[in-house]
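**Student:** Supplied in structure tokens, the structure appears directly below.
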Amino acid sequence: MTFTSAQKTRWGAVVLVAIVLAGGGGYWLGTSGSKSAGHEQVAEGEGDILYYYDPMFPNQQFDKPGKSPFMDMQLVPKYAGEEEGGGEPGVSIDSAIAQNLGIRSAEAKMGRIESSLSVTGTIEFNERDIAIVEARSGGFVERTYRRAPSDVVPAGAPLADILVPDWGGAQAEYIALVRSGNTEFANAAKARMRLLGMPDSLIRKVARTGRPHSVYTVTTPVSGVVERLDVRQGMTLVEGQPLAQINGLGTVWLDAAIPEARAPEIRVGQTAIAKLQSFPGANFGGKVIAILPTTETGSRTLTARIELANKGGKLRPGMFAAVDFGSIGSPTILVPSEAIIDTGTRTLVMLSSDNGRYRPAEVRIGREGGGQTEILAGLSPGEKVIVSGQFLVDSEANLSGIDVRPIQGEAKPAPKDAGDHKASGRIEAIKKDAITLTHGPITSLNMPGMTMDFKLAKPGIVRGFKKGDEVTIDFQKKGMAFTVTGISRTKVAK
């Protein structure tokens, strides 16, 4: 591509501004009296001085000019003319420079990252649709109906004829009372037969025929598959002995294997479509009724249980199915993915306000797709974020000491710098209420070695010490105040 002389000049200016802004902009902005991309400074005498500050520690304010207690440099005045945006925190960039740098912003909007999920599953019995058949009383098996496990039977299908000798006396007593016309006692005898375990169908048969019937037929209470059959002709039974287990087929379960990484996208009540090779072209719809609490360690999958209607009993346990959950994903706040700044310890975006100020904000992100990223916390719909040039602005914000806007509602950890600390170094000067110390790195504060002033808790604490002594001090840090509480000499000055 060929550039004209005007284009070359314009691009050269853009590159120069970018280098100044990214490399040294923050410090220069804090110390220079001229206009820059970060602040519009007011020349001395052009506005009221609000306070003095150290550009490397901009959050600490001082009432008077002088030397910084933190760095070997003079404090810088802060003028009233520099307060833009009604005191709103952030850095300000001239609109012309922002345009030359190609800084663009986008609005955070409600949306949905659509993604499909297709998995496999297996048909299983609905274990909430199981019937257990037991002996109602002790007796003998007179006849069976040639049933076997895995037989598919309708509701009411006979399984065996059971003879219960103990029922004969109660039935004869009931018949006699009915014939005597004593209705009250007859009803009591009828209730007694029910308590002995006689089914209502047998009691009605006794009342209808007027004859005892000690043999009754055990039938299936539901339609389904004979899962277990423990009754054989000639057996002697005791009360409560299990005879059979019937697994219903009216509905079945489809256990779908969900990849662990996609499990948060599935919820109870969600619809799904199952397709089976046994029935090409047919779709079986159902809903997720449970997400099982255990994970398959080998495949790293969770199980989503789907209940399917099984009209005609077509679906049989053990069948393999393809499960389609369709497009999933709930509405959330979305921003362009290029707006995300990952620092390694937290995730940021650069907020852009209408008055030309910019401020970093911490966010918690979710999925990414289609060039958009979910914002789970830290932004509200309608807020604008920088999508181009945000790293330059973030660098300027860091150098200017702009606080990152935290995620609202999240507890902030207690400051780690508060409390007692130690430092070793050489005394450079002793003042009335402070000492100047050139010290090595302070690991407890993650602070590099430097020359700085330490206040004295008591003026007499340094009595007997002189310039050049090498000492170890105990000090406390509260906010930006460093106060010596104890001092010991390690080497006397020559």
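The values are calculated or read from the model by the stated rules, or taken from the named source; none is laboratory data. Worth saying up front: this structure is predicted, and the values here are computed from it rather than measured. Counting neighbours? That spans all protein chains shown, and the Cβs are built from the backbone with ideal geometry, glycine included. Only protein heavy atoms, including side chains, enter the accessible area calculation; ligands, DNA and RNA are left aside. Shrake-Rupley method; radii C 1.70, N 1.55, O 1.52, S 1.80 Å.
**Student:** Near LYS205, which lysines are there with a Cα under 29 Å away, not counting those fewer than 8 places off in the same chain?
**Tutor:** Hits, sequence-local ones excluded: LYS190.
**Student:** So which lysines pass the test for LYS491, namely a Cα distance under 24 Å, with those fewer than 8 places away in the same chain ruled out?
**Tutor:** Excluding near neighbours in sequence, the set is LYS422, LYS431, LYS432, LYS455, LYS458, LYS466, LYS467.
**Student:** Using a 1.4 Å probe on the protein heavy atoms only, what accessible surface does ASP200 show? Give it in Å² to the nearest 10.
**Tutor:** In the full protein context, ASP200 sits at about 70 Å².
**Student:** For a quick check of your reading of the filter: which trypsin sites (Lys or Arg not before Pro) in the stretch 131-223 sit in a DSSP loop and have no more than 15 other Cβ atoms within 10 Å? Could you put the intermediate results ahead of the total?
**Tutor:** Values: sites: ARG136, ARG143, ARG146, ARG147, ARG179, LYS190, ARG192, ARG194, ARG204, LYS205, ARG208; in loops: ARG136, ARG146, ARG147.
Answer in residue order: ARG146.
**Student:** Under 1.5 on a/c is rounded, so check that first for the stretch 238-309, then, if it is not, pick prolate when a/b is larger than b/c and oblate when it is not; a ≥ b ≥ c are the square roots of the alpha carbon gyration tensor eigenvalues. Each step should come with its number before you reach the end.
**Tutor:** Values: a/c = 2.34, a/b = 1.43, b/c = 1.64.
It is oblate, given that a/c is not under 1.5 and a/b is not larger than b/c.
**Student:** Mind listing the long-range amide H neighbours of GLN372? Cut-off is under 5 Å, sequence gap 5 or more, other chains count too, H placed in the peptide plane at 1.01 Å from N.
**Tutor:** Those qualifying (amide H under 5 Å, at least 5 residues apart or on another chain) are SER337.
**Student:** Starting from the Cα of LYS275, draw a straight line to each of the lysines and keep only those under 28 Å, dropping any in the same chain fewer than 8 residues away.
**Tutor:** LYS287, LYS311, LYS314
**Student:** Leaving ligands, DNA and RNA out of it, rank LYS78, LYS109, LYS494, LYS458 by accessible area with a 1.4 Å probe, largest first.
**Tutor:** Working: LYS78 25, LYS109 120, LYS494 230, LYS458 145 Å².
So the residues, ranked largest to smallest area, are LYS494, LYS458, LYS109, LYS78.
**Student:** First measure r as the distance between the Cβ atoms of LYS467 and ILE49, then evaluate 1/(1 + (r/R0)^6) with R0 = 35 Å and state the FRET efficiency to the nearest 0.05. Working shown, then result.
**Tutor:** Values: r = 33 Å, r/R0 = 0.95.
Between LYS467 and ILE49 the formula returns 0.60.
**Student:** Estimate the FRET efficiency between ARG147 and ALA309 by the formula 1/(1 + (r/R0)^6), using the beta-carbon distance for r and 45 Å for R0, to the nearest 0.05. Walk me through the intermediate numbers first.
**Tutor:** Working: r = 26 Å, r/R0 = 0.59.
The pair ARG147/ALA309 has a calculated efficiency of 0.95.
**Student:** Here's a follow-up. Given R₀ = 60 Å, what would the calculated FRET efficiency be for THR236 paired with ALA261, taking r from the Cβ atoms and rounding to 0.05? Provide the component values of the computation, followed by the final result.
**Tutor:** Details: r = 58 Å, r/R0 = 0.97.
Here the calculated transfer efficiency is 0.55.
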